[in-house]
Amino acid sequence: MDSKAERTAGGLDGPRAGSDRAQAGSKAGAARMRMDLTGVAGRVLVKEVNWLGDLVISLPALRAVRAAFATSTLTVLVKKELAGFFDGMSWIDEVMPYTVARGVRGMADRIQIINRIRTRHFDLAILFPNSFEAALWATIGGARQRAGFSTDYRGPLLTHKARPADDAISGHQRDYWLAMIRDTVGIKPIAGAAEIKLEVGGTHREKMRAWLEANRKSSGAPLIAIAPAAAYGPAKEWPLVRYAALIDMLYESAGAECVLVGAPSEQQICAQVAATTRCDAIVAAGQTKIGELIALLSLCDGFAGNDSGAMHLAAAIGIPTVGIFGSTNPARTGPSGEHAGVIYHRIECSPCLERTCRFGHYNCLREIAPAEVAQKLATLGALRMESK
């Protein structure tokens with residue numbers, strides 16, 4: 001998963017998550033305030049998480065908030081670079097994007113965020129991230145009720161709080177946010193709460209359809225999206241030469257065409273992989289914003305890539321998705337859905353959750369063969385493999 005949540009013990013999105021998890025397990029009801037606020041707030045703010053993978057995984061909780069406050073105005077506060085994630089979601093009333101620069105300029109940005117919150121006169125702010133700053137913004141911004149896990153020393157700023165319970169930290173990461181809204185504001189999971197479904201913006205889809213028509217060489221061939229990079233570090237990155245071999249294998253065995261996707265910072269890696277293949281893979285990395293990337297993935301027949309934000313997007317869209325796992329734990333952050341699968345070679349040190357392999361061998365990743373990934377794509381229905 002391409003997320004800050006995974007970089008902390010137990011998968012919590014916050015700098016002191018390890019100590020919070022240690023305090024959470026023993027007393028099930030400790031330090032909890034449960035109050036049913038559903039249906040009583042006219043204006044609801046949700047401060048969303050800060051990483052793309054986490055954003056996808058938090059969708060079931062966000063849908064539950066929408067269902068619980070069906071007649072309320074629902075606003076999402078999210079980083080500007082992630083705002084396009086919500087382009088296809090008509091059930092969100094307002095997306096409030098923000099940026100925080102480094103240094104002195106960042107203070108001005110924070111003041112602007114607080115002022116924007118204040119002008120909306122929110123009745124309730126639900127804080128998905130664990131950070132102190134998120135609670136501070138909502139408090140100074142005048143949100144009357146403020147709900148979230150009591151982490152990062154922010155308990156005094158919250159009116160409705162709880163410590164992460166055992167079921168929040170032992171299962172899939174989506175359960176973390178579902179438990180938070182349950183234990184703080186009384187929101188019960190809606191039917192199909194475990195389902196992570198992502199809508200696609202129609203305008204973006206048409207734009208990317210035209211882009212593919214201009215860049216594809218064989219419009220009738222299966223199209224497989226490949227995401228060879230991961231922001232977390234090399235312990236999550238399957239070797240680039242394996243990706244090149246996979247692309248050639250998919251072309252030779254299934255006639256598939258591949259499109260390499262990723263962030264602008266990953267464009268060079270994708271270009272390197274494409275240049276190493278014997279067939280002409282398309283490079284889309286750096287040419288799509290998040291809303292357009294979602295649309296592009298929706299036009300693909302399948303996806304293969306590292307544990308990353310793109311992997312979670314593909315699975316949430318519902319296309320056959322193969323996540324390649326190394327240092328991270330698929331039971332905690334794996335892709336969801338009936339068309340999603342993982343390849344995970346657990347060895348004696350797995351999952352270490354480290355950025356780099358402390359032994360230097362990266363065997364959890366190096367032992368995965370391109371044929372294994374190709375076969376998994378075929379099993380999930382992305383393509384039909386033929387012997388040649």
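The values are calculated or read from the model by the stated rules, or taken from the named source; none is laboratory data. Worth saying up front: this structure is predicted, and the values here are computed from it rather than measured. Cβ: placed from backbone, ideal geometry, glycine included. Neighbour counts: every protein chain shown. The area values use the complete protein model at the heavy-atom level, side chains included, leaving out ligands, DNA and RNA. Shrake-Rupley method; radii C 1.70, N 1.55, O 1.52, S 1.80 Å.
Data table
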item: Given (1) touching a Lys or Arg at 6+ places or on another chain (Cβ under 6 Å); (2) open to solvent by 50 Å² or more (accessible area, probe 1.4 Å), index of the condition Leu158 fails; result: (2)
item: Residues that are over 18 Å from Ile324 (Cβ atoms) and of a type in the set (A, V, I, L, M, F, W, C), drawn from the range 275-295; result: Ala275, Cys279, Ile282, Val283, Ala284, Ile290, Leu293, Ile294, Ala295
item: Residue tally, condition open to solvent by 50 Å² or more (accessible area, probe 1.4 Å), at pLDDT 90 or above and either part of a loop (DSSP other than H, G, I, E, B) or more than 23 Å from Pro320 (Cβ to Cβ) (or both), over the range 340-354; result: 3
item: Residue check, Ile224 buried (at least 22 other Cβ atoms within 10 Å of the Cβ), of a type in the set (A, V, I, L, M, F, W, C) and in contact with an Asp or Glu (Cβ under 7 Å, 6 or more places away or on another chain); result: yes
item: Qualifying positions in the range 355-388 - open to solvent by 50 Å² or more (accessible area, probe 1.4 Å) and among the β-branched types (Val, Ile, Thr); result: Thr356, Thr379
item: Filter result for the condition that a residue is of a type in the set (D, E, K, R), modelled with pLDDT under 95 and open to solvent by 50 Å² or more (accessible area, probe 1.4 Å), over Lys217, Lys236, Lys207; result: Lys217
item: Test result for Gly84, open to solvent by 10 Å² or more (accessible area, probe 1.4 Å), within 30 Å of Ala310 (Cα to Cα), assigned to a loop (DSSP other than H, G, I, E, B) and in contact (Cβ under 8 Å) with a residue 60 or more places away in the chain; result: no
item: Selection count where residues are in a helix (DSSP H, G or I) and over 26 Å from Ala210 (Cβ atoms), scope the range 313-339; result: 4
item: Which listed residue, of Arg146, Arg110, Arg118, is of a type in the set (Lys, Arg) and not in a helix (DSSP H, G or I); result: Arg146
item: Residue in the range 129-141 that is outside any helix (DSSP H, G or I), closer than 30 Å to Gly318 by Cβ and not β-branched (Val, Ile, Thr) present; result: yes
item: Residues within the range 274-299 that are open to solvent by 10 Å² or more (accessible area, probe 1.4 Å) and among the hydrophobic types (A, V, I, L, M, F, W, C), tallied; result: 9
item: Test for Ile196: is it modelled with pLDDT under 95 and crowded, with 23+ Cβ neighbours inside 10 Å; result: yes
item: Ala256 over 20 Å from Val56 (Cα atoms), open to solvent by 20 Å² or more (accessible area, probe 1.4 Å) and over 20 Å from the mean Cα position of the chain (by Cα); result: no
item: Any chance Ala271 is in a helix (DSSP H, G or I), open to solvent by 10 Å² or more (accessible area, probe 1.4 Å), within 24 Å of Ile169 (Cα to Cα) and out of contact with any Pro (no Cβ under 8 Å at 6 or more places or on another chain); result: no
item: Residue count for the range 58-81, restricted to those that are open to solvent by 20 Å² or more (accessible area, probe 1.4 Å) and closer than 21 Å to Leu313 by Cα; result: 5
item: Residue list for the range 97-114, filter: open to solvent by less than 70 Å² (accessible area, probe 1.4 Å), out of contact with any Gly (no Cβ under 8 Å at 6 or more places or on another chain), without any contact (Cβ under 8 Å) to a residue 24 or more places away in the chain and of a type outside the set (Ser, Thr, Tyr); result: Pro97, Ala101, Gly103, Gly106, Ala108, Asp109
item: Single condition Thr139 does not satisfy, out of (1) under 25 Å from Leu52 (Cα atoms); (2) in contact with a helix residue (DSSP H, G or I) (Cβ under 6 Å, 6 or more places away or on another chain); (3) not aliphatic (A, V, I, L, M); result: (1)
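This table checks each residue for (1) of a type outside the set (Lys, Arg); (2) within 22 Å of Leu52 (Cα to Cα).
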residue	(1), (2)
Val100	yes, yes
Val104	yes, no
Ile111	yes, no
Arg118	no, no
Asp123	yes, no
Ala143	yes, no
Gly148	yes, yes
Asp152	yes, yes
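Yes/no matrix, rows are residues, columns are (1) of a type outside the set (S, T, N, Q); (2) at pLDDT 95 or above:
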| residue | (1), (2) |
| --- | --- |
| Phe69 | yes, no |
| Glu81 | yes, yes |
| Ile92 | yes, yes |
| Thr99 | no, yes |
| Asp109 | yes, yes |
| Gly141 | yes, yes |
| Ala147 | yes, yes |
| Trp177 | yes, yes |
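Rundown of residues vs (1) crowded, with 18+ Cβ neighbours inside 10 Å; (2) over 24 Å from the mean Cα position of the chain (by Cα); (3) at positive phi, yes/no style:
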residue: Ile117; (1), (2), (3): yes, yes, no
residue: Phe132; (1), (2), (3): no, no, no
residue: Gln145; (1), (2), (3): yes, yes, no
residue: Asp167; (1), (2), (3): no, no, no
residue: Trp177; (1), (2), (3): yes, no, no
